[in-house]
1. For the chain, calculate the relative contact order in percent as a whole number, restricting contacts to Cα pairs under 8 Å that are 6 or more residues apart.
2. How much length would be gained if the chain were fully extended between H130 and N220, taking 0.36 nm per residue of separation minus their Cα-Cα distance, in nm to one decimal?
3. Report the net charge of residues surrounding S176, where surrounding means a beta-carbon distance below 15 angstrom and charges are Lys +1, Arg +1, Asp -1, Glu -1.
4. Principal axis lengths of segment 108-163 from Cα atoms, whole Å, largest first?
5. Using only the alpha-carbon atoms of segment 158-237, report the extent along each of the three principal axes, biggest first, to the nearest angstrom.
6. So how far apart, in nm, are the two label points at K236 and Y145 if each is 7 Å from Cα heading toward Cβ?
7. How compact and how long is segment 1-107, expressed as Rg and Dmax of its alpha-carbon atoms in Å?
8. Rolling a 1.4 angstrom probe over the protein heavy atoms, how many square angstrom per residue are accessible across the chain?
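The values are calculated or read from the model by the stated rules, or taken from the named source; none is laboratory data. Every value quoted in this text rests on a predicted model; they were computed, and no experiment measured them. Here the Cβ positions follow ideal geometry from the backbone for every residue, glycine too, while neighbour counts run over all protein chains shown. The protein model used for the area step is the full one, side chains on, heavy atoms only, and it has no ligands, DNA or RNA in it. Shrake-Rupley method; radii C 1.70, N 1.55, O 1.52, S 1.80 Å.
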Amino acid sequence: MNNNDINILKEWINTSKKIVVFTGAGISVPSGIPDFRSANGIYNSEYDGLSPEEIISHSFFIKNPKMFYKFYFDKMIYLDARPNLAHEYFAKIGATIVTQNIDNLHTLAGSKTVYELHGNVYRNYCMKCHKFYDLKDLNTKEVPYCKCGGMIKPDVVLYEEGLDNDTIMGAIKAISEADMLIICGTSLRVYPAAGFINYYRGNKLVLLNKEKTPFDSSCNLAIYGDIVEIVKELMKK
Ligand code: ZN
(Lines give C-alpha, C1' and ligand atoms only; values in the text may rest on other atoms or scores of the structure.)
Protein backbone atom coordinates (compact mmCIF):
# COMPACT_ATOMS: atom_id res chain seq x y z
CA MET A 1 0.00 0.00 0.00
CA ASN A 2 1.52 3.34 -0.94
CA ASN A 3 0.73 6.75 0.45
CA ASN A 4 -0.34 8.26 -2.85
CA ASP A 5 -2.97 5.54 -3.39
CA ILE A 6 -4.36 6.20 0.08
CA ASN A 7 -4.60 9.92 -0.74
CA ILE A 8 -6.53 9.18 -3.94
CA LEU A 9 -8.87 6.83 -2.10
CA LYS A 10 -9.52 9.40 0.61
CA GLU A 11 -10.19 12.13 -1.96
CA TRP A 12 -12.65 9.91 -3.87
CA ILE A 13 -14.50 9.01 -0.67
CA ASN A 14 -14.74 12.68 0.30
CA THR A 15 -16.10 13.76 -3.07
CA SER A 16 -18.50 10.87 -3.80
CA LYS A 17 -22.16 11.07 -2.92
CA LYS A 18 -23.29 7.49 -3.47
CA ILE A 19 -20.71 5.01 -2.29
CA VAL A 20 -21.38 1.29 -2.45
CA VAL A 21 -19.03 -1.13 -0.68
CA PHE A 22 -19.13 -4.73 -1.86
CA THR A 23 -17.63 -6.99 0.80
CA GLY A 24 -16.54 -10.59 1.11
CA ALA A 25 -15.00 -12.84 3.73
CA GLY A 26 -11.75 -10.80 3.90
CA ILE A 27 -13.35 -7.92 5.79
CA SER A 28 -14.43 -10.21 8.63
CA VAL A 29 -11.15 -12.12 9.02
CA PRO A 30 -9.77 -9.39 11.36
CA SER A 31 -12.94 -9.92 13.46
CA GLY A 32 -11.89 -13.52 13.97
CA ILE A 33 -14.15 -15.15 11.36
CA PRO A 34 -12.09 -17.37 9.06
CA ASP A 35 -13.24 -17.91 5.48
CA PHE A 36 -14.91 -21.33 5.71
CA ARG A 37 -13.81 -22.11 2.17
CA SER A 38 -10.24 -22.19 3.42
CA ALA A 39 -11.33 -25.13 5.57
CA ASN A 40 -10.99 -27.48 2.57
CA GLY A 41 -9.44 -30.77 3.50
CA ILE A 42 -9.02 -30.04 7.18
CA TYR A 43 -12.09 -31.89 8.44
CA ASN A 44 -11.70 -35.13 6.56
CA SER A 45 -12.22 -37.62 9.32
CA GLU A 46 -14.83 -35.65 11.24
CA TYR A 47 -16.93 -34.93 8.15
CA ASP A 48 -16.51 -38.07 6.03
CA GLY A 49 -13.95 -36.35 3.79
CA LEU A 50 -16.54 -33.90 2.48
CA SER A 51 -15.63 -30.36 1.44
CA PRO A 52 -17.36 -27.36 3.06
CA GLU A 53 -19.12 -26.72 -0.26
CA GLU A 54 -20.60 -30.23 -0.23
CA ILE A 55 -21.78 -29.92 3.38
CA ILE A 56 -23.23 -26.41 3.01
CA SER A 57 -25.50 -27.48 0.15
CA HIS A 58 -29.25 -27.77 0.02
CA SER A 59 -29.30 -31.48 -0.82
CA PHE A 60 -26.88 -32.30 2.01
CA PHE A 61 -28.91 -30.21 4.47
CA ILE A 62 -31.99 -32.30 3.62
CA LYS A 63 -30.11 -35.62 3.55
CA ASN A 64 -27.96 -35.21 6.65
CA PRO A 65 -29.12 -32.27 8.81
CA LYS A 66 -27.18 -33.66 11.77
CA MET A 67 -23.79 -33.36 10.08
CA PHE A 68 -24.82 -30.12 8.36
CA TYR A 69 -25.62 -28.49 11.69
CA LYS A 70 -22.49 -29.88 13.33
CA PHE A 71 -20.37 -28.17 10.67
CA TYR A 72 -22.55 -25.07 10.55
CA PHE A 73 -22.55 -24.37 14.29
CA ASP A 74 -18.93 -25.38 14.64
CA LYS A 75 -17.34 -23.59 11.65
CA MET A 76 -19.70 -20.86 10.51
CA ILE A 77 -21.18 -19.32 13.65
CA TYR A 78 -19.10 -16.86 15.64
CA LEU A 79 -21.39 -15.36 18.26
CA ASP A 80 -18.61 -13.38 19.93
CA ALA A 81 -17.35 -11.72 16.72
CA ARG A 82 -17.57 -7.94 16.74
CA PRO A 83 -17.34 -5.43 13.87
CA ASN A 84 -13.81 -4.18 13.25
CA LEU A 85 -12.53 -0.75 12.21
CA ALA A 86 -13.35 -1.40 8.53
CA HIS A 87 -17.01 -2.28 9.19
CA GLU A 88 -17.25 0.80 11.41
CA TYR A 89 -15.57 3.09 8.87
CA PHE A 90 -17.92 2.07 6.04
CA ALA A 91 -20.89 2.65 8.36
CA LYS A 92 -19.52 6.06 9.34
CA ILE A 93 -19.18 7.26 5.73
CA GLY A 94 -22.78 6.19 5.09
CA ALA A 95 -21.96 3.70 2.35
CA THR A 96 -24.55 1.26 1.06
CA ILE A 97 -23.28 -2.25 1.71
CA VAL A 98 -23.62 -5.25 -0.58
CA THR A 99 -22.12 -8.25 1.17
CA GLN A 100 -21.49 -11.92 0.60
CA ASN A 101 -21.01 -12.34 4.35
CA ILE A 102 -23.65 -13.87 6.59
CA ASP A 103 -22.16 -12.65 9.88
CA ASN A 104 -24.34 -9.54 10.47
CA LEU A 105 -21.26 -7.42 11.28
CA HIS A 106 -22.14 -4.53 8.93
CA THR A 107 -25.51 -4.14 10.62
CA LEU A 108 -23.90 -4.38 14.07
CA ALA A 109 -21.47 -1.65 13.00
CA GLY A 110 -24.39 0.63 12.24
CA SER A 111 -24.71 0.47 8.43
CA LYS A 112 -28.26 1.43 7.52
CA THR A 113 -28.61 -0.20 4.10
CA VAL A 114 -27.13 -3.68 3.85
CA TYR A 115 -27.91 -6.13 1.05
CA GLU A 116 -26.96 -9.57 2.33
CA LEU A 117 -26.68 -11.66 -0.82
CA HIS A 118 -26.20 -14.91 1.10
CA GLY A 119 -28.54 -14.23 4.02
CA ASN A 120 -27.79 -13.88 7.71
CA VAL A 121 -27.07 -16.50 10.37
CA TYR A 122 -29.11 -14.59 12.95
CA ARG A 123 -32.34 -15.33 11.08
CA ASN A 124 -33.75 -18.84 11.04
CA TYR A 125 -37.16 -20.15 10.11
CA CYS A 126 -39.34 -23.23 10.43
CA MET A 127 -39.59 -25.02 7.08
CA LYS A 128 -43.18 -26.04 7.88
CA CYS A 129 -44.96 -23.07 9.51
CA HIS A 130 -42.37 -20.34 8.65
CA LYS A 131 -42.12 -19.06 12.20
CA PHE A 132 -38.89 -17.08 12.63
CA TYR A 133 -36.28 -17.92 15.24
CA ASP A 134 -33.35 -15.87 16.41
CA LEU A 135 -29.98 -17.61 16.53
CA LYS A 136 -29.91 -17.30 20.32
CA ASP A 137 -33.21 -19.26 20.50
CA LEU A 138 -31.56 -22.31 18.93
CA ASN A 139 -29.80 -25.08 20.79
CA THR A 140 -26.53 -25.18 18.89
CA LYS A 141 -25.74 -28.71 20.03
CA GLU A 142 -28.41 -30.45 17.94
CA VAL A 143 -30.66 -30.16 14.89
CA PRO A 144 -33.16 -27.41 15.78
CA TYR A 145 -36.87 -28.13 15.49
CA CYS A 146 -39.89 -25.82 15.74
CA LYS A 147 -42.66 -26.41 18.28
CA CYS A 148 -44.85 -27.51 15.33
CA GLY A 149 -42.39 -30.32 14.54
CA GLY A 150 -40.89 -28.74 11.41
CA MET A 151 -37.12 -28.53 10.99
CA ILE A 152 -35.61 -25.07 11.38
CA LYS A 153 -33.42 -23.80 8.56
CA PRO A 154 -30.95 -20.91 8.71
CA ASP A 155 -31.99 -18.01 6.46
CA VAL A 156 -28.73 -18.46 4.62
CA VAL A 157 -28.35 -19.23 0.92
CA LEU A 158 -26.87 -22.71 0.63
CA TYR A 159 -25.07 -24.10 -2.40
CA GLU A 160 -27.64 -25.20 -5.04
CA GLU A 161 -30.06 -22.52 -3.82
CA GLY A 162 -30.92 -19.28 -5.61
CA LEU A 163 -30.42 -15.81 -4.19
CA ASP A 164 -33.35 -13.76 -2.93
CA ASN A 165 -34.76 -11.73 -5.81
CA ASP A 166 -35.52 -8.52 -3.88
CA THR A 167 -31.99 -8.53 -2.46
CA ILE A 168 -30.47 -8.98 -5.93
CA MET A 169 -32.58 -6.19 -7.41
CA GLY A 170 -31.76 -3.81 -4.54
CA ALA A 171 -28.05 -4.53 -4.82
CA ILE A 172 -28.02 -4.07 -8.60
CA LYS A 173 -29.92 -0.78 -8.35
CA ALA A 174 -27.53 0.55 -5.69
CA ILE A 175 -24.45 -0.47 -7.72
CA SER A 176 -25.78 0.94 -11.00
CA GLU A 177 -26.50 4.30 -9.32
CA ALA A 178 -23.24 4.50 -7.35
CA ASP A 179 -20.61 7.08 -8.19
CA MET A 180 -17.99 5.07 -6.29
CA LEU A 181 -17.76 1.31 -5.83
CA ILE A 182 -15.31 -0.20 -3.35
CA ILE A 183 -14.74 -3.95 -3.51
CA CYS A 184 -13.35 -5.17 -0.26
CA GLY A 185 -12.04 -8.52 0.92
CA THR A 186 -13.21 -10.73 -1.92
CA SER A 187 -11.32 -12.34 -4.76
CA LEU A 188 -14.49 -12.08 -6.88
CA ARG A 189 -14.12 -15.72 -7.80
CA VAL A 190 -17.19 -16.63 -5.81
CA TYR A 191 -20.45 -16.62 -7.73
CA PRO A 192 -22.18 -14.21 -8.21
CA ALA A 193 -19.87 -11.37 -7.21
CA ALA A 194 -18.27 -10.63 -10.56
CA GLY A 195 -21.66 -10.33 -12.25
CA PHE A 196 -22.77 -7.61 -9.84
CA ILE A 197 -19.71 -5.46 -10.45
CA ASN A 198 -20.60 -5.25 -14.14
CA TYR A 199 -23.55 -3.01 -13.26
CA TYR A 200 -21.25 -0.24 -12.06
CA ARG A 201 -21.04 2.62 -14.55
CA GLY A 202 -18.73 5.11 -12.81
CA ASN A 203 -14.99 5.65 -12.93
CA LYS A 204 -14.10 5.19 -9.27
CA LEU A 205 -13.91 1.42 -8.97
CA VAL A 206 -11.60 0.47 -6.11
CA LEU A 207 -10.31 -2.90 -4.97
CA LEU A 208 -9.06 -3.37 -1.40
CA ASN A 209 -7.79 -6.90 -0.91
CA LYS A 210 -5.03 -8.94 0.69
CA GLU A 211 -3.83 -10.34 -2.61
CA LYS A 212 -4.18 -9.74 -6.33
CA THR A 213 -7.34 -10.90 -8.10
CA PRO A 214 -8.10 -11.68 -11.77
CA PHE A 215 -10.23 -8.55 -11.75
CA ASP A 216 -7.63 -5.94 -10.80
CA SER A 217 -6.90 -4.61 -14.28
CA SER A 218 -10.55 -3.51 -14.57
CA CYS A 219 -10.24 -1.37 -11.43
CA ASN A 220 -9.37 2.33 -11.32
CA LEU A 221 -7.42 1.79 -8.10
CA ALA A 222 -6.23 -1.36 -6.32
CA ILE A 223 -4.68 -1.37 -2.86
CA TYR A 224 -3.31 -4.58 -1.37
CA GLY A 225 -3.06 -5.20 2.33
CA ASP A 226 -4.95 -5.95 5.49
CA ILE A 227 -8.23 -4.04 5.33
CA VAL A 228 -8.01 -2.78 8.91
CA GLU A 229 -4.49 -1.44 8.21
CA ILE A 230 -5.75 0.31 5.06
CA VAL A 231 -8.58 1.95 7.01
CA LYS A 232 -6.14 3.04 9.73
CA GLU A 233 -4.08 4.84 7.07
CA LEU A 234 -7.24 6.42 5.63
CA MET A 235 -8.25 7.73 9.03
CA LYS A 236 -4.88 9.46 9.49
CA LYS A 237 -5.59 11.64 6.45
ZN1 ZN B 1 -43.06 -24.54 12.79
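1. Over the chain, the number comes to 24 percent.
2. Difference between extended and current length: 27.9 nm.
3. +3
4. 35, 26, 21
5. 40, 27, 23
6. 5.8
7. 17.8, 53
8. Per residue, the chain has 49 Å² of solvent-accessible surface.
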